[in-house]
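Notes for the one structure printed next.
The values are calculated or read from the model by the stated rules, or taken from the named source; none is laboratory data. Note that the coordinates shown come from a computational prediction; the quantities given were computed from them, not determined experimentally. Positions of Cβ are generated from backbone atoms using ideal geometry, with glycine treated the same way; all protein chains shown enter the neighbour counts.
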Amino acid sequence: MLRRSTSRILILGAFYALYLVIGASVFCAIEGPDENKRKQELKDIRKTFLEGHTSCITDGELEAFIEKIVEAQNRGVSAIKNVTSESNWSFGQSLFFAGTILTTIGYGHVTPLSEGGKVFCVVYALIGIPLTLILFTAIVERLMLLTNAILSLLEKKLSHILTYLQVRLLHLAIIFTFLLVFIFITPAVIFTCIEKRWNFLDSFYYCFISMTTIGLGDYIPGDDVNQQNRALYKILTTVYLFIGLTIMMLTLATIYEIPELNIGSHFYLKSDAEHETEKQTLRKPTNNYNAAETEQSTFGGAKDNEALTE
Ligand SMILES: *[C@@H]1O[C@H](CO)[C@@H](O)[C@H](O)[C@H]1NC(C)=O
């Protein structure tokens, strides 16, 4: 006889595998044609270039030249503008790099090239990443005092027309709107203004890829060859990343505080224990969230017990 959570996790695992395969199929279908179009464009440019220089350059020489340039580009060294682009390791750029290491965003557009740099990167991240998590969690804990004050206020004003769950969902909606406006839309508008090659979708996509710490690195602010005040821009972007990720964590913490939205609890081992006690005591379903609430301690501390006991 399987545990309840075990049979559920088997279903979840099967669904997850399917989800992964669906994702792969969709990317495959959408991206293939676009890639082919780019390849054709590149082939045409190469052909036209060679035809214009048949007397002085051979196909092999051009191939070797392109290879060198692409290799350098992949390591973050640009051949554009007669290789006069600014260093990747000015202070602003380096701060941005350190920020993407500590937040685990890891764009990968610039990477340490020296042995020493790689070793330092490992040691730096080993200490820095846990430190970042501790710092973020501690800040989120304090911000939760503020958001929970808002929750208590909403509860006080609206408890006669809304249920407890509805008040909590409204509260979540307010925080989510704040996140959307100040961490996604406003920065996206600013990036669209500053970055000449980005449209709004590109900027929003950059914010999303960064805030989820996926960090694909296809769009990086301040890497335009003609960028003014690059160092300042990079530093401000780093500040944005840190603030944005804090607000992301705050939103996640708010979601975790609503047991009804905590889908994961159906799959964890402790859900079996809860099921057992439920069967034994035949508690009403409305009591469930008090039990779950006390176990929600991902971000510990800042719980609004006053609101609960009301
Ligand atoms: C590129 O740089 C080299 C020396 O670094 C110089 O001799 C050459 O004139 C430059 N070319 C252009 C187009 O600026």
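Just a few scattered comments:
- Summed over region 145-157, residues that are surrounded by 15 or more Cβ atoms within 10 Å (Cβ to Cβ) and in contact with a helix residue (DSSP H, G or I) (Cβ under 7 Å, 6 or more places away or on another chain) total 5.
- Residue that is more than 16 Å from the ligand (Cβ to nearest atom), touching a residue at least 60 places away in the same chain (Cβ under 8 Å), of a type in the set (Phe, Trp, Tyr) and surrounded by 14 or more Cβ atoms within 10 Å (Cβ to Cβ), where the choices are PHE97, PHE178, PHE184: PHE178
- Check on PRO130, touching a Lys or Arg at 6+ places or on another chain (Cβ under 8 Å) and more than 16 Å from the ligand (Cβ to nearest atom): no
- Matching entry among PHE27, PHE15 (being farther than 30 Å from ASP272 by Cβ, of a type in the set (A, V, I, L, M, F, W, C) and assigned to a helix (DSSP H, G or I)): PHE27
- Within region 234-271, the set of residues being more than 21 Å from ILE139 (Cα to Cα) and exposed (fewer than 14 other Cβ atoms within 10 Å of the Cβ) comprises GLU260, ILE263, GLY264, LEU269, LYS270.
- Residue tally, condition polar (S, T, N, Q), loosely packed, with under 14 Cβ neighbours inside 10 Å and farther than 27 Å from ILE45 by Cβ, over region 78-94: 2
- Of the candidates PRO112, PRO130, the single residue that is assigned to a helix (DSSP H, G or I) and farther than 23 Å from ILE258 by Cα is PRO130.
- Considering only residues in region 42-77 that are of a type in the set (Gly, Ala, Ser) and surrounded by 12 or more Cβ atoms within 10 Å (Cβ to Cβ), the one that is nearest to the ligand (Cβ to nearest atom) turns out to be ALA72.
Here's the yes/no breakdown for (1) at pLDDT 90 or above; (2) within 31 Å of the chain's Cα centre (by Cα); (3) within 29 Å of ASN226 (Cα to Cα):
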| residue | (1), (2), (3) |
| --- | --- |
| LYS37 | yes, yes, yes |
| GLY60 | yes, no, no |
| TYR107 | yes, yes, yes |
| ILE134 | yes, yes, no |
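- Test: residue in region 78-94 that is part of a helix (DSSP H, G or I), within 16 Å of the ligand (Cβ to nearest atom), more than 22 Å from the chain's Cα centre (by Cα) and not β-branched (Val, Ile, Thr): yes
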